[in-house]
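Heads up: the structure comes next, in structure tokens.
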Amino acid sequence: MPHSPSTVPHPRDVYLVLEDFGGGLGRAWSETNEDDAGRATLMRQIMEGQYQHPARIVVFNTVEGWSRDVTVEIADELRRCFVEFDDIAPAALEFIERVGRS
């Protein structure tokens, strides 16, 4: 049987956010456009306030076959790069304070 090439052109890390909607709504994985699932875009979206209460952030790579929780890692990285952002959403500050390490 001939070998078929992969339908995925390059290994790519995909980031998803578990958003806590509070009250009776609970938590759900936020819908994300395929082109917006990278680390830099995710960090910018958090700083802009596109996520109101991110509870968990997971990165995965189906080509390489792994996944992991990067919630604390992202919060720490956002804390270190505050100066790169002109305006920081209150939700981003709350996320960094709640999750980030000193």
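The values are calculated or read from the model by the stated rules, or taken from the named source; none is laboratory data. Treat the numbers as computed from the prediction; the structure is a model and nothing was measured. Quick reminder, even Gly has a Cβ in these numbers, built from the backbone with ideal geometry, and neighbours come from all protein chains shown.
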For the range 35-56, pairs from a residue that is under 14 Å from GLU94 (Cβ atoms) to a residue that is in a helix (DSSP H, G or I) and hydrophobic (A, V, I, L, M, F, W, C), with Cβ under 6 Å and 6 or more apart or across chains, are ILE46/ALA92; MET47/ALA92; GLY49/ALA91; GLN52/ALA91; PRO54/PHE95
How about the range 81-99: which of its residues are more than 14 Å from the chain's Cα centre (by Cα), surrounded by 10 or more Cβ atoms within 10 Å (Cβ to Cβ) and not aliphatic (A, V, I, L, M)?
CYS81, PHE82, GLU84, PHE85, GLU94, GLU97, ARG98
Out of everything in the range 20-47 that is aliphatic (A, V, I, L, M) and over 24 Å from PHE82 (Cα atoms), what residue ends up being surrounded by the most Cβ atoms within 10 Å (Cβ to Cβ)?
ALA28
Is it true that VAL17 is surrounded by 16 or more Cβ atoms within 10 Å (Cβ to Cβ) and assigned to a strand (DSSP E or B)?
yes
From the list VAL70, VAL58, which residue is touching a Leu at 6+ places or on another chain (Cβ under 7 Å) and either modelled with pLDDT of 90 or more or not hydrophobic (A, V, I, L, M, F, W, C) (or both)?
VAL58
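Look through the range 66-80, keep the residues that are exposed (fewer than 15 other Cβ atoms within 10 Å of the Cβ) and within 20 Å of TRP29 (Cβ to Cβ), and return whichever of them is farthest from the chain's Cα centre (by Cα).
The extreme case among them is TRP66.
What tally of residues in the range 29-87 results from selecting those that are assigned to a helix (DSSP H, G or I) and either within 15 Å of LEU16 (Cα to Cα) or β-branched (Val, Ile, Thr) (or both)?
Result for the range 29-87: 17.
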Restricting attention to the range 80-97, which residues are at pLDDT below 90 and either touching a strand residue (DSSP E or B) at 6+ places or on another chain (Cβ under 7 Å) or not acidic (Asp, Glu) (or both)?
ARG80, CYS81, PHE82, VAL83, PHE85, ILE88
